[in-house]
Amino acid sequence: MGIRKSIFEFLQKRTFKVDIVFVFTSLIVATVLLLSCFSYFENRKSTLELIDGNFEEEAKAVISKTDNYLRSAQLAAEIATQLFDGGEPQLGLDTEEARYFLKIVLTYSQVGLFYYGDEQGNFLQAALLGDEIYTKHIRQIDGKAVTDFRYLDRNLNMLREEKNPDTKYDPRARPWYKGAKAGGKTFWTEPYIFFENGEPGITVACPIYNKDKSLRGVVAADIILGGLSKFLQSVNVSKNGLVFIMDEKEQLIAYPDPRRIVRVENGEARSLKPSELKIPFITEAVRNYEDKGEKMFSYEASGNRYLACFAKFPPEFGKKWMFSIIAPEDDFLGPMKSTFRKTLLLSLFILIISVLAGILMARQISRPIERLAAEVLEVKNFNLDSHLEIKSHIHEIQTMDDAVKAMKNSLKAFKIYVPSTLVKQLIESGESVTVGGKERELTLFFTDIVDFTPISESISPKDLMLQLSEYFDVVTRIIEDEKGTVDKFIGDAVMSFWGAPLANEEHAIMACRAALRCQKEIEALNREWEKAGKKPFHTRIGLHTGYNVVGNMGSTQRMNYTALGEGVNLASRLEGVNRIYGTSVIISKSTHRYVQNHFICRILDQIAVKGYSQSVVIYELLAENNSPESGKLKGLSDSFQEAYNLYMKREWRAARDMFQSILRDFPEDKVSVFYTARCDKYIASEPDESWNGITRLDSK
């Protein structure tokens, strides 16, 4: 909301130069952006259409390769059924069947194991294991499965033989055997992790039947899917493109890095899903496909744009597999984007040159107006000491310049009699200059010079006026520094207030700070005067916070911005009360309420002053909390509070002892002297029961 308001204000109060530059540059910016963007988006559209076609061709090629990869192994298994289609097969390590099995695993790199099992539980297998090949024959003897192993090198030279007299393996219990038997035709298992090598694979099994249609056995081939992963490594979609195959359960079948798609958990290996790879752009691609079902789409992941294609394997493949291509857009659109950026940079350079030319031209036109506006603003802020010569060939501007100069000369004379700070604050507050006032909470501030009458009688009027002017300079400067308003000078007294014409939430704090600063700087001024043989001006100050009427008082011909009310009178009375207690600065309870956490104060008394209807609790303002003497004065305040509490409880002797204790630490404390005398008075003549601790002051 604040930003919107600022923009609105700027648009409402923009300069003439801004309008010229804006119009000049907007045409250039609009033209360049329109042409650049149109060219970029049209080229992007054409490129994406070309990419769609390329992705589809890649998908068809990978699906065809995958089909060939699996079908060749299936064909080998189906041909092998012919070996067992005649009479009773001869199973053994030296049989024709065993040699055929060895040839299959040597010929087809995707076939990891080739084997046969029959209804009696006999089993023959050939497998490629690293640099070795082995055949395994399981035969049933007396209810036990005996296994013979023969290990050969790749040239089929025998390396060794082994035997296991009791094998627990039964082919009839395996999923591939059960599936082929139940289906009565070629059966494909779901992808799984092979026990022998820990790689993902799939098994194709073909049943063999006797002439009486009873099942004789099943021939099967374990197809290693790692070959598909190696093939995917060669698929060059783009510089940073990626392809993978997954099944209907979203398990990865093939991936360029096959090591990443298998995980061992609790001793068992399983294939991972794409989301388990922890690659954000793959996870986001699968999620987008599941949500939208689109074959081709673009999306964003980790702050980058990607293109994705998801192609289903055809129904005749027999498996609900999915092929996916994912590539960053920048792999294809990067050069085009680079050209677009260069075009924009060139446009930006042209724009900068145009703006500079526009500014130079606008400056020649608008500079005299801007300088004149700045001069008027200085006058508004009551800064009348600037000297600016404006030269222009425009008659109206020169006339305005002459008028401003005449106005400044008139206001300089006026400034001598009216405080410039007050005028600035009135202007900032936006109050109209009419007779009347508003009720506001103010902190009122009165000063008075101790024994001013005897001092004035001992000094010549001229010297007194000069010394008093120097004194007023110090006081008014501090009041204005602390954001106060000097109301008037009443003889040797100064009346000021905080909280008007500009509202100030810290009016009491600033007034108290001004009082302490005044005392400190007046003491320094007094020391200089005494060195020069002049009389010092010791000052008393009274402060009170309350609601008063403040505004323009007087007539329509002559007005004074001042404050009126009961609070004004009370502040004036508090200044005079200082003489009773021997203090310098007294504040009322209402002021103390606002400043007690910022200044060290001590309670003085509860008084009823003449002309004020209620009694007032008063405090002496001692120091600001962070001042060097604050620690010592805090101790004085706390001790005095204890003594005052005893005094109010009519425990005169205990209170007197405590006041005297304070005097031992602070021998010049006039307030403790005052209360010691009071306690002595009440010890000698105790007041009656109506005594409530209020001191009544009948004189002003």
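The values are calculated or read from the model by the stated rules, or taken from the named source; none is laboratory data. Small disclaimer: the values here were computed from a predicted structure and weren't measured. Please note: Cβ atoms are built from the backbone with ideal geometry, for glycine as well, and neighbour counts cover all protein chains shown.
The condition of being buried (at least 16 other Cβ atoms within 10 Å of the Cβ), touching a residue at least 12 places away in the same chain (Cβ under 8 Å) and closer than 20 Å to Asp605 by Cα holds for only one of Thr545, Thr539, that being Thr545.
Collect the residues in the stretch 231-258 that are of a type in the set (Ser, Thr, Tyr), out of contact with any Asp or Glu (no Cβ under 9 Å at 6 or more places or on another chain) and surrounded by fewer than 22 Cβ atoms within 10 Å (Cβ to Cβ), keeping them in residue-number order. Give the steps one after another, and end with the answer.
Residues of the stretch 231-258 that are of a type in the set (Ser, Thr, Tyr), as a first pass: 234, 238, 255.
Add one more test, that the residue is out of contact with any Asp or Glu (no Cβ under 9 Å at 6 or more places or on another chain), and what stays is 234, 255.
Ser234 - this is the single residue of the stretch 231-258 that is of a type in the set (Ser, Thr, Tyr), out of contact with any Asp or Glu (no Cβ under 9 Å at 6 or more places or on another chain) and surrounded by fewer than 22 Cβ atoms within 10 Å (Cβ to Cβ).
Scanning the stretch 465-497 for residues that are within 23 Å of Gly437 (Cα to Cα) and either in contact with a Lys or Arg (Cβ under 7 Å, 6 or more places away or on another chain) or part of a helix (DSSP H, G or I) (or both) turns up Ile479, Glu480, Met495.
Among the residues of the stretch 88-119 satisfying the criterion of being of a type in the set (Ser, Thr, Tyr) and farther than 24 Å from Lys178 by Cβ, which is surrounded by the most Cβ atoms within 10 Å (Cβ to Cβ)?
Our first condition is that a residue be of a type in the set (Ser, Thr, Tyr); within the stretch 88-119, this holds for 95, 100, 107-109, 115-116.
Add one more test, that the residue is farther than 24 Å from Lys178 by Cβ, and what stays is 95, 100, 107-109.
Working: Thr95: 16, Tyr100: 17, Thr107: 10, Tyr108: 20, Ser109: 13.
By that ranking, first place goes to Tyr108.
Selection of the stretch 97-120 for residues being modelled with pLDDT of 85 or more and of a type in the set (Ser, Thr, Tyr) yields Tyr100, Thr107, Tyr108, Tyr115, Tyr116. For first residues located in the stretch 240-267 and farther than 19 Å from Glu190 by Cα, partners that are in a loop (DSSP other than H, G, I, E, B) and lie 6+ apart or on another chain with Cβ distances below 6 Å form the pairs Val243/Val235.
Look through Arg573, Arg593 and report the one residue that is at pLDDT 95 or above and basic (Lys, Arg).
So the residue among Arg573, Arg593 that is at pLDDT 95 or above and basic (Lys, Arg) is Arg593.
Considering the conditions (1) within 16 Å of Ile455 (Cα to Cα); (2) in a helix (DSSP H, G or I); (3) not acidic (Asp, Glu), Cys518 is excluded by exactly one of them, (1).
When you scan the stretch 508-521, how many residues do you find that are surrounded by fewer than 23 Cβ atoms within 10 Å (Cβ to Cβ) and closer than 12 Å to Val474 by Cβ? Give the derivation first.
Start the filter on the stretch 508-521 by keeping residues that are surrounded by fewer than 23 Cβ atoms within 10 Å (Cβ to Cβ), which leaves 509-510, 513, 516-517, 519-521.
This time we only want the ones that are closer than 12 Å to Val474 by Cβ, so: 517, 519-521.
Final tally of qualifying residues: 4.
Restricting Leu232, Leu228, Leu215 to residues that are more than 20 Å from Phe317 (Cβ to Cβ) and among the aliphatic types (A, V, I, L, M) narrows the list to Leu215.
Residues in the stretch 66-93 that are touching a strand residue (DSSP E or B) at 6+ places or on another chain (Cβ under 7 Å) and either of a type in the set (A, V, I, L, M) or not in a helix (DSSP H, G or I) (or both): Leu70, Ala73, Ala76, Ala77, Ala80, Asp85, Leu91, Gly92, Leu93.
Close Cβ contacts (under 6 Å, 6 or more residues apart or on different chains) running from residues in the stretch 440-463 that are without any contact (Cβ under 8 Å) to a residue 40 or more places away in the chain to residues that are outside any strand (DSSP E or B) comprise Ser456/Leu464.
Taking Glu396 as the residue in question, decide whether it is surrounded by fewer than 11 Cβ atoms within 10 Å (Cβ to Cβ), modelled with pLDDT under 65, over 24 Å from Asn569 (Cβ atoms) and among the charged types (D, E, K, R). Reasoning before the result, please.
Working: surrounded by fewer than 11 Cβ atoms within 10 Å (Cβ to Cβ): yes; modelled with pLDDT under 65: yes; over 24 Å from Asn569 (Cβ atoms): yes; among the charged types (D, E, K, R): yes.
Yes: the conditions hold for Glu396.
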